[in-house]
1. Do we have any residue at all in the stretch 73-95 that's closer than 20 Å to residue 184 by Cβ, open to solvent by less than 60 Å² (accessible area, probe 1.4 Å), free of Cβ contacts under 8 Å to residues at least 40 places away in the same chain and more than 16 Å from the chain's Cα centre (by Cα)?
2. When you check residue 55 against the structure, is it surrounded by 15 or more Cβ atoms within 10 Å (Cβ to Cβ) and either out of contact with any Lys or Arg (no Cβ under 8 Å at 6 or more places or on another chain) or acidic (Asp, Glu) (or both), yes or no?
3. Kindly provide the set of residues from the stretch 118-152 that are among the hydrophobic types (A, V, I, L, M, F, W, C) and in contact with a Ser or Thr (Cβ under 7 Å, 6 or more places away or on another chain), ordered by number.
4. Kindly indicate whether residue 112 is within 24 Å of residue 88 (Cα to Cα), touching a residue at least 60 places away in the same chain (Cβ under 8 Å) and open to solvent by 30 Å² or more (accessible area, probe 1.4 Å).
5. Conditions first: (1) surrounded by 15 or more Cβ atoms within 10 Å (Cβ to Cβ); (2) within 15 Å of the ligand (Cβ to nearest atom). Residue 133 passes all but one, so which condition is the exception?
6. For the stretch 3-25, how many residues are open to solvent by less than 10 Å² (accessible area, probe 1.4 Å) and assigned to a helix (DSSP H, G or I)?
7. With 88, 94, 36 as the choices, which residue is in contact with a helix residue (DSSP H, G or I) (Cβ under 6 Å, 6 or more places away or on another chain), modelled with pLDDT of 95 or more and within 16 Å of the ligand (Cβ to nearest atom)?
Amino acid sequence: MNIVLLGAPGAGKGTQAAFIQEKYGLVHIATGDIFRANIKGGTPIGKLAKSYIDAGKLVPDEVTCELVKDRLLNGSSGNGFMLDGFPRNIFQARELDKFADIDLCVNIDVDKSLLMDRICGRRMCSCGASYHVSTLGGATTCAKCGKPLYRREDDNPATVEARINTYTQQTAPLVEYYAAQGKLFTVDGGAGSPADIFAAIDAELKRYLK
Ligand code: AMP
């Protein structure tokens, strides 16, 4: 089963990806994570991507599509894969359809008014866990592994606003794209706990696999 996870920044794609990965063993491919690893490693792709990421804009399609294509065609994909943060516009979705078969698009729908607070209050751990400052009670280390938490560089108000605009203009049309293919499942990502939201996604994945 190959899934596309769709949702605005702060919708909870990473959190749901972790639940899905644990239960279904799908390979999690997050383009944002790949770019951040390249930035950390000082690679040419990282150097190019940084200016776009800092501005809340999309990294050029040729670079991004090539990266994902290479990962899908040359990496392991076991029970299938889950794309988190790709595609992010119609061009990328059409390219993806040329080199992969997508079964389902899980669209995590969250009202825009919630996104800014969710992202600006987000604290990350290198183990993949993420938290919100309002629930940390002042803690500065990860409850799962003890490592120090950090704030993503692009999780600041100016960049977040640009990222949300980029999402609205370029990524949101993918909802229609996948609906037209009969592959869209939308879940309300603004109500309930992460576990509740996963329960709704899980029910759909089970239904699909039957
Ligand atoms: P994310 O971790 O998914 O929030 O992505 C962080 C940033 O990486 C985005 O704001 C973009 O600048 C860049 N990025 C991630 N995925 C893509 C993509 N599919 N196409 C272009 N840029 C991307």
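1. Initial filter on the stretch 73-95 (closer than 20 Å to residue 184 by Cβ): 80-95.
Pick out the ones that are also open to solvent by less than 60 Å² (accessible area, probe 1.4 Å) and you get 80-87, 89-90, 92-93, 95.
The next check asks that each one be free of Cβ contacts under 8 Å to residues at least 40 places away in the same chain; those that pass are 92, 95.
From the residues that got through so far, the ones that are more than 16 Å from the chain's Cα centre (by Cα) too are 95.
Yes: the stretch 73-95 contains one or more residues that are closer than 20 Å to residue 184 by Cβ, open to solvent by less than 60 Å² (accessible area, probe 1.4 Å), free of Cβ contacts under 8 Å to residues at least 40 places away in the same chain and more than 16 Å from the chain's Cα centre (by Cα).
2. On the way: surrounded by 15 or more Cβ atoms within 10 Å (Cβ to Cβ): no; either out of contact with any Lys or Arg (no Cβ under 8 Å at 6 or more places or on another chain) or acidic (Asp, Glu) (or both): yes.
Against the criterion (surrounded by 15 or more Cβ atoms within 10 Å (Cβ to Cβ) and either out of contact with any Lys or Arg (no Cβ under 8 Å at 6 or more places or on another chain) or acidic (Asp, Glu) (or both)), residue 55 does not qualify.
3. 124, 149
4. Working: within 24 Å of residue 88 (Cα to Cα): yes; touching a residue at least 60 places away in the same chain (Cβ under 8 Å): yes; open to solvent by 30 Å² or more (accessible area, probe 1.4 Å): yes.
Yes, satisfied.
5. (2)
6. Total satisfying the criteria: 3.
7. 88
Matching residues to (1) acidic (Asp, Glu); (2) more than 16 Å from the ligand (Cβ to nearest atom); (3) surrounded by 12 or more Cβ atoms within 10 Å (Cβ to Cβ); (4) at pLDDT 95 or above:
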residue: 142; (1), (2), (3), (4): no, yes, yes, yes
residue: 148; (1), (2), (3), (4): no, yes, no, yes
residue: 173; (1), (2), (3), (4): no, no, yes, yes
residue: 180; (1), (2), (3), (4): no, yes, no, yes
residue: 184; (1), (2), (3), (4): no, yes, yes, yes
residue: 198; (1), (2), (3), (4): no, yes, yes, yes
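The values are calculated or read from the model by the stated rules, or taken from the named source; none is laboratory data. Computed from a prediction, not measured in an experiment: that's the story for all the values here. Here Cβ is always computed from backbone atoms with ideal geometry, including for glycine, and neighbour counts include all displayed protein chains. All accessible areas refer to the heavy atoms of the entire protein, side chains included, with ligands and DNA or RNA removed. Shrake-Rupley method; radii C 1.70, N 1.55, O 1.52, S 1.80 Å.
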